[in-house]
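One structure below.
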Amino acid sequence: MSASAPRRDTRGIVDPAGLLSRVRFRRHLPAPELRPYLEHYWLIDWELPEPYTSHVVPHPSVNVVFQRYGPPAAGHASAEVAGIGLGLFTHELTGTGRVCGIQFRPGGFRPFAPARPVSTWTGRRVPLTDAFPNATGSPAAVLTPDEDHARVAALDAFLLAHGPAPDPAADHAVELVELARSDRTIRRAAQLAAASGLSARSLQRLFADRVGVGPKWVILRYRIHEALERAEAAGTTGTPDWAALAAELGYSDQAHLVRDFTTTIGVPPTAYARGPSVP
């Protein structure tokens, strides 16, 4: 699957209005031949008079992140692979900085780094060369240009130098995760296995190798993203019917939804709807 425009939603961002009022956040599509494997590139620049702590419920995606903290002349630049985050990602932004990120589609990372299962990186942030041992050049090549199109071109060049290698299993994993994301009737891993034509064990292996987490985890994460978005919208559309939402998302009851939401975000959905915040 490939897109004609990057996503515009803020799904996964806790208090998106707070973040977007403090940073310049943009998404861009990669070169056409990369789009089956990538969600988008994401660029952030900031110059803050006081620190701000951002919180994100990660997608089931691997990211490659080029980052500079501090002004161009004196800041420290680095590049890393961020495996799928299993919990809430919290990061303090201070002063001046810039980040250029690559968000892969779930299942789309392995064709560029085929040496190890994607689960190798899950829950970890490692130097870029751990996954791309042949990577050359400085992160500055991506981070220095002020124009977005030049940064996008540098990201395209980096990826095209490393693949994608043909990988039918990865293609299948991309399709199955997209099905789990878009088909509300799929609420359990067994349903996804039936739709895939794979046994439950084969589906687990495919997801460990090509996605990095299990199918049940993916389905649960997309539920939380939906619940977070509904809670975020509650300030303008009125308090959601949490019991109805729990049933819609496939939870056994409202208490189960509240438990998952609170464990992931840090506050119950009703408290979040009153004003986005985390402990």
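The values are calculated or read from the model by the stated rules, or taken from the named source; none is laboratory data. Note that this is a predicted model, so its numbers are computed, not measured. Here the Cβ positions follow ideal geometry from the backbone for every residue, glycine too, while neighbour counts run over all protein chains shown. Protein only, heavy atoms only, side chains kept; ligands, DNA and RNA dropped before computing areas. Shrake-Rupley method; radii C 1.70, N 1.55, O 1.52, S 1.80 Å.
Dipole of the chain computed with +1 at Lys/Arg Cβ and -1 at Asp/Glu Cβ about the Cα centre; of I102, A141, V174, farthest Cα towards the positive end is V174. Of all accessible surface on the chain at a 1.4 Å probe, what whole percent is carbon and sulfur? That share works out to 54 percent. Close amide H partners of T96, meaning residues 5 or more places away or on another chain with modelled amide H under 5 Å apart, are L48, G70.
R0 = 25 Å: FRET efficiency of N134 with A31, Cβ-based, nearest 0.05? Plugging the Cβ-Cβ distance into 1/(1 + (r/R0)^6) gives 0.80. Taking every protein chain into account, the accessible area of the chain amounts to 46 square angstrom per residue (probe 1.4 Å).
Between E147 and H91, how high is the FRET efficiency from 1/(1 + (r/R0)^6) when r is the Cβ-Cβ distance and R₀ = 25 Å? Nearest 0.05.
0.45
Label separation (T239 vs S182): 3.6 nm, computed from points 7 Å beyond Cα along the C-beta direction. Taking a label point 7 Å from the Cα of T263 along the Cα→Cβ vector, which residues of the stretch 185-209 have an amide N closer than 19 Å to it? Backbone N within reach: 187-190. Rounded to the nearest 500, the helix-only mean residue ellipticity at 222 nm of the chain stands at -11500 deg cm²/dmol, with each DSSP H run of n ≥ 4 adding -39,500 (n - 2.57).
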